[in-house]
Amino acid sequence: MKISIVGGGYVGLVTGTCFAKLGHDVTLIEIDPEKVRAINKGMPPIFENGLENLLKQNAGKRIHASTGYESVTSAEIVFISVGTPPKPDGSANLSYIESASTSIGESLKNTSAYCVVVVKSTVPPGTTEKIVRPAVLRAAGKTEEEIGFAMNPEFLREGRAVEDFLHPDRIVIGSSDPRAGNRVAEVYQDIEAPVLRTGLTAAEMIKYTSNAFLATKISFSNEIGNICKNLGIDVYEVMKGVGLDPRIGPLFLNAGAGFGGSCFPKDVSALVSLAKDAGEDLILLRSVLDVNERQPHRMVVYLENRLGSVFGKRIAVLGLAFKDNTDDIRDSRAIPVIQDLLDKGAHVAAYDPMAGPVMQNVFPSIEYASSAADALRGADGCLVMTEWPEFSRLDKEFDLMAHPIIIEGRRILSRNGVEGICW
Ligand code: UDX
Ligand code: UDX
């Protein structure tokens, strides 16, 4: 099928590359010319396991990138995967969605074939119907018999996005008429997974609800972890016992420094904000965010309990990415921790296998070590912020520290004498 995708970020690029692997003919429409150049050379502008190989195999053949919307005129289906970043009040900024919709509509003005516009970005319920559909139809001067609309949320975990795309738990297709939904289903026909057909707004809400529930599991585990630490109980033993109940399940019960990333914090805030506009106060989800905001600061408190003031002390921060296997630092729990340390006058020596260069944009003046050992050398304390597998293999590197005070925000180290945030 001929597919155009607007937005060549994490989601758009992974989606487009995987569609190309499935044999579709894909054009990525991306506003940033540097990303376009990189994609066309087969070099993903982001790190994602397995992506580079797939892109190299298909770039210039079944996948092309462009800054213009020309490909839309011959597309059978157009996906929108531009970002929906949070506004200061937590609500989703839909201006990119709106402008992409208008540009798609303008490109469809003089076409005669039926085309389906699919929203893949995470958007508040009602966006596809009330913003995307009117903007596209207005700009195209067409009716819904000529252009169909669908909402097809993504459930891709960064670092495992290619695998999640090719082997999903489910494919959710929301549409207001079956013809539009059928076309989306066709694109996925070679992927084996349960397909759930819903209305547009239910599909939009499924994405928010899934992320809100997963975030709730994490904040819940963190809250239990905080009290378990206080009582001298191992929260990981507790959650193992709890997770064996199939009604609860074992996943996303890992207590630690809290959740970061481009989705959980943003989507839960957006849900709270849209509920507020509808006159509902989502007390539970507000608390989920509150627990998550407080959690990373506990790392510094435990460090100070052991070390005393961090003023003038060298503190190694291991892990800057919001989780392992990515260079993404969006809402990384390392950010508030480093800010706390800097506010208290510490010298921060940071190391991450991948995310150092991007973090330099946030904290240009801290030290960026080129290995964990370099960060640890002479350190008075160490905070482990990301669940990178390479950190779990660290051992004698900790002997390089001036004072072996290690606080773990993710349960990955096997060394004795390490204090955990919740254990
Ligand atoms: C996606 C979804 O869009 C978001 O709603 C979801 O919650 C998380 O995943 P993501 O792919 O991670 O976002 O965002 P980002 O990496 O910022 O990619 C968006 C891309 O769209 C960027 O490359 C940006 O340059 C591009 N863009 C933005 C356009 O091409 N045109 C625009 O008008 C705006
Ligand atoms: C998430 C969702 O999982 C995915 O389905 C959605 O589409 C996009 O958002 P992602 O943000 O890539 O994916 O990462 P995820 O693996 O879910 O982890 C998010 C954060 O939660 C990370 O900071 C991670 O460290 C933290 N986490 C995860 C925990 O603290 N405990 C856990 O048990 C699991």
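Extension gain for residue 157-residue 189 works out to 9.4 nm (0.36 nm per residue, less the C-alpha to C-alpha distance).
Residues 380, 25, ordered by accessible area of protein heavy atoms at a 1.4 angstrom probe radius and largest first, appear as 25, 380. Placing unit charges on the Cβ atoms only, positive for Lys and Arg and negative for Asp and Glu, gives the chain a dipole magnitude near 140 debye about its Cα centre. Label sites at residue 371 and residue 294, each approximated as a point 7 angstrom past Cα along Cα to Cβ, lie 4.1 nm apart. Residue 119 sits among other residues whose Cβ lies under 11 Å from its own Cβ, and their net charge, with Lys and Arg +1 and Asp and Glu -1, is 0.
Protection proxy ranking, highest mean first, for peptides 47-54, 411-418, 325-332: 325-332, 47-54, 411-418, where packing is the per-residue count of other beta-carbon atoms within 10 Å, averaged. What's the carbon and sulfur percent of the range 16-91's accessible surface, probe 1.4 angstrom, rounded to a whole number? With neighbouring chains kept in place, the figure for the range 16-91 is 51 percent. Semi-axes of the equivalent ellipsoid for the range 295-388, computed as √(5λ) from the eigenvalues of its C-alpha gyration tensor and ordered from largest down, come to 19, 14, 12 Å. The figure for residue 206 is an accessible area of roughly 40 square angstrom, using a 1.4 Å probe on the protein chains alone.
Under 5 Å between amide hydrogens, built in the peptide plane, is the criterion, and for residue 199 it picks out 175 among residues at least 5 positions away or on other chains. Once you sort the root eigenvalues of the Cα gyration tensor of the range 1-138 as a ≥ b ≥ c, which label holds: rounded (a/c under 1.5), prolate (a/b larger than b/c) or oblate (the other case)? Oblate shape, in that a/c is at least 1.5 and b/c is the bigger or equal ratio.
For the chain, find the longest principal axis of its Cα atoms and tell me its angle to the long axis of helix 283-307, 0 to 90°, nearest 10. The helix 283-307 is inclined about 30 degrees to the chain. Helix 264-277 axis versus longest C-alpha principal axis of the chain: approximately 60°, rounded to the nearest ten. Among 388, 423, the sequence by solvent-accessible area, most first, with a 1.4 Å probe is 423, 388. Accessible surface area normalised per residue over the range 94-187 is 39 Å², counting heavy atoms of protein chains with a 1.4 Å rolling probe.
Using unit Cβ charges (K, R positive; D, E negative) and no other charged atoms, how large, in debye to the nearest 20, is the dipole of the range 105-153 about its Cα centre? Before the final figure, lay out the partial values.
Details: 6 positive and 5 negative charges, 29 e Å.
So the magnitude is around 140 debye.
Using Cα atoms only, what is the angle between the long axis of helix 178-187 and the major principal axis of the chain, expressed in degrees (0 to 90) to the nearest 10? In the chain, helix 178-187 runs at an angle near 60 degrees to the longest axis.
Taking the protein heavy atoms of the range 239-348 in the context of the full set of protein chains, the accessible area attributed to carbon and sulfur is 56 percent at 1.4 Å. Can you find, among 357, 227, 116, the residue farthest towards the positive end of the dipole of the chain? Put +1 on the C-beta of Lys and Arg, -1 on that of Asp and Glu. The listed residue farthest towards the positive side: 116. Residues whose amide H falls under 5 Å from that of residue 172, counting only those 5 or more places apart or on a different chain, are 196, with hydrogens built in the peptide plane. In this structure the amide hydrogen of residue 366, modeled in the peptide plane, comes within under 5 Å of no amide hydrogen from residues 5 or more places off or on another chain.
The values are calculated or read from the model by the stated rules, or taken from the named source; none is laboratory data. Computed from a predicted model, the values in this text were never measured in an experiment. Backbone-built Cβ (ideal geometry, glycine too); neighbour counts: all protein chains shown. In case anyone asks, the SASA skips ligands and DNA or RNA and just uses the protein heavy atoms, side chains included. Shrake-Rupley method; radii C 1.70, N 1.55, O 1.52, S 1.80 Å.
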